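The values are calculated or read from the model by the stated rules, or taken from the named source; none is laboratory data. Since the model is a prediction, treat every value here as computed from it, not as a measurement. Counting neighbours? That spans all protein chains shown, and the Cβs are built from the backbone with ideal geometry, glycine included. Quick note on the areas: whole protein, heavy atoms, side chains included, nothing else; ligands and nucleic acids left out. Shrake-Rupley method; radii C 1.70, N 1.55, O 1.52, S 1.80 Å.
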Amino acid sequence: MSFSSAYKKTYGNRVSNFSNPTAKLILETMERKKSNLAVSVDVTDANDLLAIIEAVAPYHSHELFFKTHIDIIQNFDFSLIEKLQHLSQKYDFVYFEDRKFADIGNTVALQYSSGVYKIASWSHLTNAHPVPGLSIIKGLSSVGLPLGRGLLLLAEMSTKGSLAVGTYTEEAVRMARQNRDFVIGFIAQKRMDGVGSSEEEDTSDEDFLILTPGIGLDAKGDSMGQQYRTPREAIFGSGCDIIIVGRGIYGTDSKAVDTIAAQAERYMAEGWAAYLARINNE
């Protein structure tokens with residue numbers, strides 16, 4: 001497929017393509033920290049969550065995101081959120097709560113703003129399935145937009161047999177185009193340039209952030225259908241912007257500080273090299 005002009009632009013030069021404060025923050029942070037790495041921390045213990053962040057963030061300054069699943073934490077209380085906010089400010093990174101909202105507008109607005117987790121109060125970015133239609137964006141934006149938050153739509157997924165293909169993906173992109181003030185990009189396997197557009201639409205300058213999961217340097221998949229690509233395949237070959245890496249960094253031991261830091265540095269270096277190759281036409 002052909003990519004829009006954003007594919008070859010630097011992250012810094014793409015800031016003006018967005019009005020959303022979170023999108024601008026992400027691009028500025030990537031440019032400043034020379035990183036397109038999101039560390040996915042899918043653990044069930046609050047202490048492990050904090051330990052992984054502390055293992056990565058203080059040792060080098062390149063981490064862009066920490067992606068959380070706050071609802072799987074078994075020993076959650078709101079003091080954890082206060083600790084997470086402190087670490088974000090101390091080490092200069094962004095939170096992406098991988099909530100995958102999938103309900104009607106009124107319900108997701110309450111899930112986003114209220115309950116135990118109060119996601120909108122601390123997470124810069126979250127995501128949603130487009131299954132319910134435009135109402136899900138309307139509901140989430142009623143909470144997140146006044147706070148300057150951003151939303152990703154799940155246009156594609158990295159699991160084998162995913163139904164997020166074809167017309168489903170096209171509709172997700174169309175929904176995003178109608179809500180550029182809040183929808184800043186997609187969870188996807190490739191750039192969405194021109195997807196779902198009519199022949200009359202000019203999408204040559206279209207720009208959305210593409211965050212992609214399923215990144216691995218040492219494995220091609222897992223026993224539950226996850227499929228892995230290298231950072232170069234994702235960033236250079238498919239035009240994605242941010243690589244999401246979890247188990248490839250922390251494995252099964254959240255307390256192996258030196259190993260976690262080294263693996264994070266490895267993925268950061270590979271992701272950034274792929275980006276430099278992309279913008280320099282290598």
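Side notes on the structure shown:
- Ordered from longest to shortest, the equivalent ellipsoid semi-axes for the range 63-111 are 23, 14, 10 Å, each the square root of 5 times a Cα gyration tensor eigenvalue.
- Long-range HN-HN contacts of Arg180 with modeled amide H, under 5 Å: none
- Quarter of Cα convex hull surface for the range 17-87, i.e. mean projection, nm²: 5.3 nm²
- Three-way shape label, the range 86-152, alpha-carbon gyration tensor, a/c 1.5: prolate
- Per-selection Kirkwood Rh - the range 5-56 (Cα, Å, 1 d.p.): 13.0 Å
- Under 21 Å from the Cα of Lys67 - lysines, other chains or at least 8 residues apart: Lys24, Lys33, Lys34, Lys83, Lys90, Lys100, Lys118, Lys190, Lys255
- Residue ranking by accessible heavy-atom surface, 1.4 Å probe, largest first, among Ser40, Ser142 comes out as Ser142, Ser40.
- At R0 = 45 Å, FRET efficiency that the Cβ-Cβ distance of Lys8 and Val131 yields, to 0.05: 0.85
- Inter-probe distance in nm under a simple model that places probes 7 Å from Cα toward Cβ, at Thr107 and Arg247: 3.0 nm
- Our summary gives the chain a relative contact order of 22 percent, counting only alpha carbon pairs under 8 angstrom and 6 or more residues apart.
- Against the empirical curve 2.2 N^0.38 Å, the C-alpha radius of gyration of the range 18-165 lands at a ratio of 1.04.
- 14 Å cut-off, amide nitrogen to a point 7 angstrom out along Asp181 Cα→Cβ, residues in the range 110-134: none
- Couplings for the range 260-274, taken from phi via the Karplus curve 6.51 cos²θ - 1.76 cosθ + 1.60 with θ = phi - 60°, read 4, 4, 5, 5, 4, 4, 5, 5, 4, 4, 5, x, 5, 4, 5 Hz in order; Gly and Pro are left as x.
- For the range 81-200, the ratio of Cα radius of gyration to the globular rule of thumb 2.2 N^0.38 Å stands at 1.10.
- Counted over all Cα-Cα pairs of the chain, pairs farther apart than 36 Å make up 8 percent.
- Sulfur and carbon atoms: percent of accessible area, the range 81-177 [1.4 Å]: 56 percent
- Of all DSSP beta bridges in the chain, antiparallel share, percent nearest 5: 5 percent
- Between Lys83 and Leu147, the FRET efficiency from the beta-carbon distance, with R0 = 22 Å, is close to 0.65.
- J(HN,Hα) series, the range 203-212, from Karplus relation 6.51 cos²θ - 1.76 cosθ + 1.60, nearest Hz, glycine and proline x: 10, 5, 10, 5, 9, 10, 7, 10, 9, 10
- Arg232 accessible area, 1.4 Å probe, all protein chains in place, Å² to nearest 10: 110 Å²
- Computed label-point distance, nm, for sites Asn47 and Val165 using a 7 Å Cα→Cβ extension: 4.4 nm
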